[in-house]
Amino acid sequence: MESIIESAIAPQAITGHLSYGLLVLSMLMNSIMWLRIIALVSGVAGMSYSGFVLHDPIGTGWEGLFVLANLSQLLLLLWRSRTVKFSDEEYLFCQNALVLVPPLLARQFIDIGSWKTIPAGTVLTQQDEPVERLTYVAEGHVDVSVNQKPVANCGNGDFIGELGILSGSTATATTVATTDLRALVFDRDILLKHLARKPDIKLALQAGFKSNLRHKLSKANERTLAGL
């Protein structure tokens with residue numbers, strides 16, 4: 001037992017601990033890019049440990065294949081990201097909703113939605129009814145009312161229906177387009193299925209929702225103060 005403990009805490013074992021520790025850490029990453037980067041560093045540490053400490057050619061070889069696999073996937077991800085293109089309104093959407101998300105994943109997410117022109121007067125959400133769509137307003141204005149009383153308005157860069165979509169609850173307010181809208185619209189079922197497969201996108205989107213909610217609350221407070 002003492003020999004096992006001594007070998008585990010020996011200075012030359014540090015590289016081995018680092019390799020396995022980084023491998024565990026990589027499994028905790030929600031971003032596929034960071035998963036690949038940390039796994040790559042783990043593999044390099046593992047190669048060093050197997051080659052220079054254990055003098056194990058078989059372990060070194062398998063660690064080398066692990067490094068090559070992660071390096072090739074990382075380079076492929078970076079190459080695909082460089083070829084992704086966004087329109088101006090798509091770029092602004094990424095800035096509002098998908099901060100730090102790799103371009104390829106952002107492109108895939110945008111493509112599950114559809115850009116639409118929504119006529120003025122359209123009801124986007126109805127209070128106490130299920131929310132069927134997430135709407136991102138790229139251009140236009142939306143009135144928000146609770147119990148038929150106006151409480152706020154939304155505009156460029158705002159989300160409509162985000163709380164009901166993620167929580168599965170009914171709409172807390174009625175929202176109506178007061179001008180024609182240019183909007184990116186996501187069907188609820190398609191959106192939830194995509195987010196279930198892409199947890200890193202879900203986390204980024206939730207952060208975007210929180211930031212937008214603070215913005216909307218600030219505007220609502222300004223409107224309330226102006227009415228006093």
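The values are calculated or read from the model by the stated rules, or taken from the named source; none is laboratory data. Because the structure is a prediction, the values reported are computed rather than measured. As a convention, Cβ positions derive from the backbone with ideal geometry for all residues, glycine included, and neighbour counts pool all protein chains shown. Surface areas here come from the heavy atoms of the whole protein model, side chains and all, with no ligands, DNA or RNA. Shrake-Rupley method; radii C 1.70, N 1.55, O 1.52, S 1.80 Å.
Residues of the stretch 63-120 that are farther than 26 Å from Asn153 by Cα, under 18 Å from the mean Cα position of the chain (by Cα), open to solvent by 50 Å² or more (accessible area, probe 1.4 Å) and modelled with pLDDT of 90 or more: Phe86, Gln108, Asp111. Every listed requirement among (1) at negative phi; (2) at pLDDT 85 or above is met by Ile14 save one, (2). Condition (residue is crowded, with 19+ Cβ neighbours inside 10 Å, at pLDDT 90 or above and among the hydroxyl-bearing types (Ser, Thr, Tyr)) applied to the stretch 122-135: is it met by at least one residue? Yes, the stretch 122-135 contains at least one residue that is crowded, with 19+ Cβ neighbours inside 10 Å, at pLDDT 90 or above and among the hydroxyl-bearing types (Ser, Thr, Tyr). Which of the residues belonging to the stretch 154-164 are more than 9 Å from Leu134 (Cβ to Cβ), open to solvent by less than 60 Å² (accessible area, probe 1.4 Å) and of a type in the set (A, V, I, L, M, F, W, C)? Scanning the stretch 154-164 gives a single hit, Cys154. Testing Ser26 on (1) at pLDDT below 90; (2) open to solvent by 60 Å² or more (accessible area, probe 1.4 Å), one condition comes back false. Which one is that? Condition not satisfied by Ser26: (2).
Among the conditions (1) polar (S, T, N, Q); (2) modelled with pLDDT of 75 or more; (3) open to solvent by less than 40 Å² (accessible area, probe 1.4 Å), Ser31 misses just one, which is (2). Among strands (runs of 3 or more DSSP E) entirely within the stretch 142-225, having at least 2 residues that are polar (S, T, N, Q) and touching a residue at least 40 places away in the same chain (Cβ under 8 Å) singles out 174-177.
When the stretch 87-100 is filtered for residues that are touching a residue at least 24 places away in the same chain (Cβ under 8 Å) and either more than 17 Å from Gly113 (Cα to Cα) or not in a helix (DSSP H, G or I) (or both), the ones remaining, listed by number, are Leu98, Val99, Leu100.
Scanning the stretch 165-223 for residues that are under 18 Å from Ala97 (Cα atoms), surrounded by 14 or more Cβ atoms within 10 Å (Cβ to Cβ) and charged (D, E, K, R) gives Arg182, Asp187, Arg188, Lys198, Asp200, Lys202, Lys216.
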